[in-house]
Amino acid sequence: MSKKKDSSVVYRCASCGYTQPRWLGRCPECGEWNSFEECFSQPQANVPFSGQGPAKPVPLKSVNPMECARLSTGTSEFDRVLGGGATRCSAVLIGGEPGIGKSTLLLQTAALIETNGRVLYVSGEESASQIRSRADRLGISLEKIDILSASRLEDVMSALNDLNPVCVIVDSIQTVYSPEAGLIPGTVSQLKYCSNELISWVKERDSVLFISAHVTKDGGIAGPKALEHMVDTVITFERNSDDVRFLRAQKNRFGSVDELGIFSMGEHGLVQIEDPSSMFITRRTGALPAGIAVVPVFEGSRVFLVEIQALTIPAKASITRVFSEKIESARVSRIAAVLEKKLGIKLSEYDLYVNVAGGVRISESAVDLALAAALYSARTDLPCPQGLALAGEISLAGEIRPVARLKQRVKTAQTLGFPRILAPEECEGVTKVQDLKTLIKELFAK
Ligand code: TYD
Ligand code: MG
């Protein structure tokens, strides 16, 4: 930032970016001592938007819609999560815990992204030769990739201006700093300042920006959160206990946020799993154990068959607990409460454990019916019948409510060896259940 003589002086906290007119020993916002430094406020209110006088409103119908040219990342799973490829002039933030595969995904994308232009891969974490060895291990084409192993924003910006790349990858944003944004590297104000410069650069050209950011499991690093409103797309990278990785959009200005991208991490990097519909069910010979029920759930445009597992144990403490990571605990408690009230089955004196095979997180309400079946089966030790799947939402009054796109769910379940479906609607192949008593009769009468 250039210091102009006519600008008014303000004091900005180098740690959190809090600005105020007087110098203070301690920042009232983040509590940091001696972090205020003198800077010059930018007279933003007087800056015309277009450089040709003050900004004026125009009729919306006279505005040309933005052309959303897309670049395929070369991986259909990643393209789907982005809403059909990476949109030009946009910024994508990829967050995930260290070691999950952000650098691997981005290097693979650098090689595969369908463009005739250059791709600049900026790494503040690894040296150029480390990246070259990784690229060789991944067996990717090196043709269009330029590597910049640097952390200073000014070096990155001058490389951008020299190369004019179509795709810019910054791995990770937490390693980039600028002396213009305070004395302490890694602060929120550094993150914001550097991201803003990079985002402005791609927006003014026809380029795509991918930024990676480390997030710890407990959200210990707050930084990436501060960037979510600045970028167009926020993607999180998650894993289950195996080598399976999930990509999910949390925010997307250019597509839906329900799509799930599934990859496995192998010897040669990330491999997309294109037909994952059956990967979350366990193949068994013989009868099902008690506490298991299967549900066809939608993740974006695809149906997955998912196995819900429940276990109920008499509580040792006076307070009972719900252990459920992949399905919201509040949903588990709510279904347990409805079962207790409507069917008289005691669950409130039990600790409830719920898991989803394959480790996929489920937030769709269609899971309610299978969750109820799994909890009831676990508590009574009666196994659900084989070859049966359930789809339905349960209200607090104990009614079973319809779910969207039942036909597609039935078709997937039948294709994968589940010919019988319980759901609250008429549909070919479906046994209709509209209340919990009928559900239990259908499940366990025999
Ligand atoms: P990495 O992409 O560096 O993760 P991040 O950038 O999110 O910190 O590496 C992810 C992990 O994957 C690392 O532990 C090594 C492993 N890995 C493989 O198993 N196969 C491979 O081909 C590569 C490149 C990495
Ligand atoms: Mg990395």
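The values are calculated or read from the model by the stated rules, or taken from the named source; none is laboratory data. Small disclaimer: the values here were computed from a predicted structure and weren't measured. Because the Cβ atoms are built from the backbone with ideal geometry, glycine has one as well, and the counts that use them run over all protein chains shown. These accessible areas exclude ligands, DNA and RNA; they are computed on the full protein's heavy atoms, side chains included. Shrake-Rupley method; radii C 1.70, N 1.55, O 1.52, S 1.80 Å.
Quick check on residue 171: is it assigned by TED's automatic domain parsing to the domain that holds residue 95, of a type outside the set (Gly, Ala, Ser), in contact (Cβ under 8 Å) with a residue 40 or more places away in the chain and buried (at least 18 other Cβ atoms within 10 Å of the Cβ)? Spell out how you get there, then give the answer.
Numbers: assigned by TED's automatic domain parsing to the domain that holds residue 95: yes; of a type outside the set (Gly, Ala, Ser): yes; in contact (Cβ under 8 Å) with a residue 40 or more places away in the chain: yes; buried (at least 18 other Cβ atoms within 10 Å of the Cβ): yes.
Judged against the criteria, residue 171 is a match.
Just wondering, is there one or more residues in the stretch 188-207 that are within 25 Å of residue 144 (Cβ to Cβ), surrounded by fewer than 21 Cβ atoms within 10 Å (Cβ to Cβ) and among the hydroxyl-bearing types (Ser, Thr, Tyr)?
yes
So which of 390, 436 is in the same structural domain as residue 288 (by TED's automatic domain parsing) and within 30 Å of residue 264 (Cβ to Cβ)?
Working: 436 fails: within 30 Å of residue 264 (Cβ to Cβ).
Only one candidate passes the filter, namely 390.
Anything in the stretch 39-68 that is at pLDDT 80 or above and either open to solvent by less than 90 Å² (accessible area, probe 1.4 Å) or under 16 Å from residue 13 (Cβ atoms) (or both)? List them, or say none.
Within the stretch 39-68, 55, 59, 62, 63 qualify.
Assess whether residue 347 counts as being in a loop (DSSP other than H, G, I, E, B) and buried (at least 17 other Cβ atoms within 10 Å of the Cβ).
yes
Please verify whether the stretch 325-337 includes one or more residues that are assigned by TED's automatic domain parsing to the domain that holds residue 412 and under 16 Å from residue 413 (Cβ atoms). Can you show your working first?
The initial filter retains those residues of the stretch 325-337 that are assigned by TED's automatic domain parsing to the domain that holds residue 412, namely 325-337.
Retained after the next criterion (residues that are under 16 Å from residue 413 (Cβ atoms)): none.
No - not one qualifying residue is present in the stretch 325-337.
Starting from residues that are outside any helix (DSSP H, G or I) and not small (Gly, Ala, Ser), keep the ones in the stretch 124-134 and report whichever is farthest from ligand 2 (Cβ to nearest atom). Before the answer, list the steps.
Looking only at the stretch 124-134, we keep the residues that are outside any helix (DSSP H, G or I), and these are 124-127.
Add one more test, that the residue is not small (Gly, Ala, Ser), and what stays is 125-126.
Values: 125: 6, 126: 7 Å.
Once the filter is applied, the top-ranked residue is 126.
So in the stretch 85-123, with the set limited to residues that are within 10 Å of ligand 2 (Cβ to nearest atom) and assigned to a loop (DSSP other than H, G, I, E, B), which one is farthest from residue 245 (Cα to Cα)?
Going through the qualifying residues, I end up with 98.
Among the candidates 436, 396, 382, single out the residue that is farther than 11 Å from residue 306 by Cβ, open to solvent by less than 40 Å² (accessible area, probe 1.4 Å), in contact (Cβ under 8 Å) with a residue 60 or more places away in the chain and not acidic (Asp, Glu). Please lay out each step first, then the result.
Numbers: 396 fails: open to solvent by less than 40 Å² (accessible area, probe 1.4 Å); 382 fails: open to solvent by less than 40 Å² (accessible area, probe 1.4 Å).
Residue meeting the stated conditions: 436.
Looking only at the stretch 276-302, count every residue that is more than 20 Å from the chain's Cα centre (by Cα) and of a type in the set (D, E, K, R) and tell me the total.
2
Inside the stretch 144-187, can you point out the residues that are under 24 Å from residue 114 (Cβ atoms) and either touching a Pro at 6+ places or on another chain (Cβ under 9 Å) or assigned to a loop (DSSP other than H, G, I, E, B) (or both)?
Result: 144, 146, 159, 164, 165, 166.
Only one of 114, 126 is under 26 Å from residue 204 (Cα atoms) and either within 27 Å of the chain's Cα centre (by Cα) or not assigned by TED's automatic domain parsing to the domain that holds residue 198 (or both); which?
Details: 126 fails: under 26 Å from residue 204 (Cα atoms).
Step by step, each of 114, 126 is checked, and only 114 is under 26 Å from residue 204 (Cα atoms) and either within 27 Å of the chain's Cα centre (by Cα) or not assigned by TED's automatic domain parsing to the domain that holds residue 198 (or both).
Look through the stretch 221-263, keep the residues that are of a type in the set (Ser, Thr, Tyr) and part of a strand (DSSP E or B), and return whichever of them is surrounded by the most Cβ atoms within 10 Å (Cβ to Cβ). Working first, answer last.
Kept after step one, since they are of a type in the set (Ser, Thr, Tyr), are these residues of the stretch 221-263: 233, 236, 241, 256.
Filter once more, so that each one left must be part of a strand (DSSP E or B): 233, 236.
Working: 233: 24, 236: 19.
The residue in question is 233.
Quick check: is even one residue across the stretch 175-194 in contact with a helix residue (DSSP H, G or I) (Cβ under 8 Å, 6 or more places away or on another chain), within 16 Å of ligand 2 (Cβ to nearest atom), more than 22 Å from residue 268 (Cα to Cα) and modelled with pLDDT of 90 or more?
Scanning the stretch 175-194, I find at least one residue that is in contact with a helix residue (DSSP H, G or I) (Cβ under 8 Å, 6 or more places away or on another chain), within 16 Å of ligand 2 (Cβ to nearest atom), more than 22 Å from residue 268 (Cα to Cα) and modelled with pLDDT of 90 or more, so the answer is yes.
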